[in-house]
Amino acid sequence: MRDMGEPGSYGWIVVGVSTAVNALTWGARSTFALFYVAILGEFAWGRGPTALGYSLSWLCFILFAPLAGWLYDRRGARTVVTIGGLVLGVALALTGRVTSLTQYYLCFGILSAAGMACILVPSTTIVTRWFIRSRGTAMGVVSAGNPAGAVAFYPVNAWLIATLGWRTALATFGGIVAAGTVALALRYRDPPTHEERPPGDPETTLPPSARSSGEEWTLRRALRSTRLWAAFTMTALGVIGYQIMATHQVAHAVDRGFPQSTVVWLFAFGAGCMMAGNLLGGWLSDHFGRGWVFAVGSIVAIVGIGCLALTRGPHDLPFLLLYTASGFGFGMRIAQLSTIPADVFSGPHLGAILGVIQAGGGLGGAIGPFLGGWLFDVTGGYGLAFVAAGIAVAGSAVAAWFAARPRSPRRPTPLATLQ
């Protein structure tokens, strides 16, 4: 029997759980750079083959995300997120034991992607089901867990590596991820049905800015919808643009003569700006529309990319500072990546549909870092790579506009009425 307690208040506990498991999961992905350096120091695999393990984890996410969504629709977040936490913890621990590239690709590239998908897809889907009118605000809080994971676990994993060595550090961090995720997942509850919500609950209706067509979607029907592929494109292009910048921003700043200590603090400030953008962008989207907020965030992000491109040396510190502050714009956009499709495709198959859309993020994550590095190798600088990032961000905004556009319920034609 379902124990509902107070439906309205418990939704925010679900938000807290999802935020925390997202922080643990993104902590594993965002701190990869620390372990990457340590692995390079022990093995003579080369930078390209070693970095391929990271790209492989994004590529495999494309395969596992729809499966994780399908499992969530049938088993619920508690079960699937628990499995994901255990799988990701084991994957990290096994990565600390590898002695060959093949083992490394299997453990970090494939197994960790399965664990991440089983955590990230259900943890976002369940929040979009708990909240309707405040969906943007709730997803803004959950999205803040992504940069929070980097801020929290960069110093933790750096200390673990320095103290225990990278192998034991990975096993220890894997244990933290597994134990934390499993303990948190036990707090999940399924959202109340429409009938179970108390009378007058504002969460029973969408805000006017996010009205859907009222259609009931199956996965098969959604796959034939241009709105699903617009949302997929929004996610893929958005992650391409973001990953080009996130992967290469430090290298560009150091190349321009900025001290590494200065760069670390500046980009920590950027992560804080992104968290603020997550929170405010989610709230604004509930009141002014998802597409508008995504567009404004895109403009801020593109201006920031331009500022980094104009940074030529330490005397251009104001440009670098403006770029890090533009993390606010990137954050405004991130909160919409699940909220926009959830508005459109709400229903019993939302998990599988969001899994397909989030697979676009896996595609973008695989392309972005490689594209930025390849353009640098070809041109000898990051100028063209930053142009590509700006175009990708702009393209994702256009796709978001198509995915989020208001749509009225289809009226039956006279012929349909007669039939």
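What length, rounded to one decimal in nm, is gained on full extension from residue 100 through to residue 216, with 0.36 nm per residue of separation minus their alpha-carbon distance?
Contour length minus Cα-Cα distance gives 36.9 nm.
Keeping every protein chain present and rolling a 1.4 Å probe, give me the accessible area per residue for segment 11-88 in Å². Write down the numbers at each step before the final one.
Numbers: 3090 Å² over 78 residues.
Roughly 40 Å² per residue, with all protein chains present.
Would you work out which of 254, 39, 182 lies farthest towards the positive end of the dipole of the chain, given +1 charges on the beta-carbon of Lys and Arg and -1 on that of Asp and Glu, about the Cα centre?
182
What percentage of the solvent-accessible surface of segment 10-85, computed with a 1.4 Å probe over protein heavy atoms, is contributed by carbon and sulfur atoms?
Answer for segment 10-85: carbon and sulfur cover 69 percent of the accessible area.
Taking 0.36 nm per residue of sequence separation and subtracting the Cα-Cα distance, how much length would be gained by fully extending the chain between residue 164 and residue 42, in nm to one decimal?
Gain on extension, residue 164 to residue 42, equals 42.4 nm.
Once you keep just the Cα pairs under 8 angstrom separated by 6 or more residues, what percentage relative contact order results for the chain? Numbers along the way, then the final one.
Values: 749 pairs, mean separation 109.0, N = 419.
Result for the chain is 26 percent.
Mind pulling the angle between the C-alpha long axis of helix 383-404 and the longest principal axis of the chain? Nearest 10 degrees, somewhere in 0 to 90.
10 degrees
Compute the angle between helix 32-42 and the longest alpha-carbon principal axis of the chain, please, reported from 0 to 90 degrees and rounded to the nearest 10.
30 degrees
Calculate the spin-label point distance for residue 402 paired with residue 261, positioning each point 7 Å from the Cα along the beta-carbon direction, and give it in nanometres.
5.0 nm
To the nearest 10 degrees, how steep is helix 350-379 against the longest Cα principal axis of the chain, on a 0 to 90 scale?
The answer is roughly 30 degrees.
Taking the Cα centre of the chain as the origin and placing charges on Cβ (Lys, Arg +1; Asp, Glu -1), which of 98, 379, 79 is farthest toward the positive end of the dipole?
So the residue we want is 79.
For residue 251 and residue 226, calculate 0.36 nm times their separation in residues minus their Cα-Cα distance, and state this gained length in nm to one decimal.
Full extension of this stretch gives 5.2 nm more.
What label, among (1) 0.98; (2) 1.04; (3) 0.94, belongs to Rg/Rh (Cα atoms, Kirkwood Rh) computed from the structure on display?
Among (1) 0.98; (2) 1.04; (3) 0.94, the one calculated here is (1).
Compute, for segment 1-85, the length of the dipole vector about the Cα centre, with Cβ point charges of +1 (Lys, Arg) and -1 (Asp, Glu) only. Units Debye, rounded to 20.
Working: 6 positive and 4 negative charges, 29 e Å.
Its charge dipole is roughly 140 debye.
Among 102-114, 322-334, how do they line up by average Cβ neighbours within 10 Å per residue, starting with the highest? Let's see the in-between values first.
On the way: 102-114: 20.2, 322-334: 25.3.
Most protected by this proxy first, the peptides run 322-334, 102-114.
Which value, in debye to the nearest 20, gives the size of the charge dipole of the chain about its Cα centre, when Lys and Arg are +1 and Asp and Glu are -1 at the Cβ?
Here the size comes out at about 640 debye.
Run the quick spin-label model on residue 156 and residue 63: label points 7 Å from Cα toward the beta carbon, then report their separation in nm to one decimal.
Between residue 156 and residue 63, the simple spin-label model gives 3.0 nm.
Once Lys and Arg get +1 and Asp and Glu get -1 on their Cβ, which of 109, 142, 128 lies farthest toward the positive end of the dipole of the chain?
It is 128.
The values are calculated or read from the model by the stated rules, or taken from the named source; none is laboratory data. The structure displayed is predicted, hence computed values, not measured ones. Ideal geometry is used to build each Cβ from the backbone, glycine not excepted, and the neighbour counts take in all protein chains shown. The accessibility values were calculated without ligands, DNA or RNA, using every heavy atom of the protein model including side chains. Shrake-Rupley method; radii C 1.70, N 1.55, O 1.52, S 1.80 Å.
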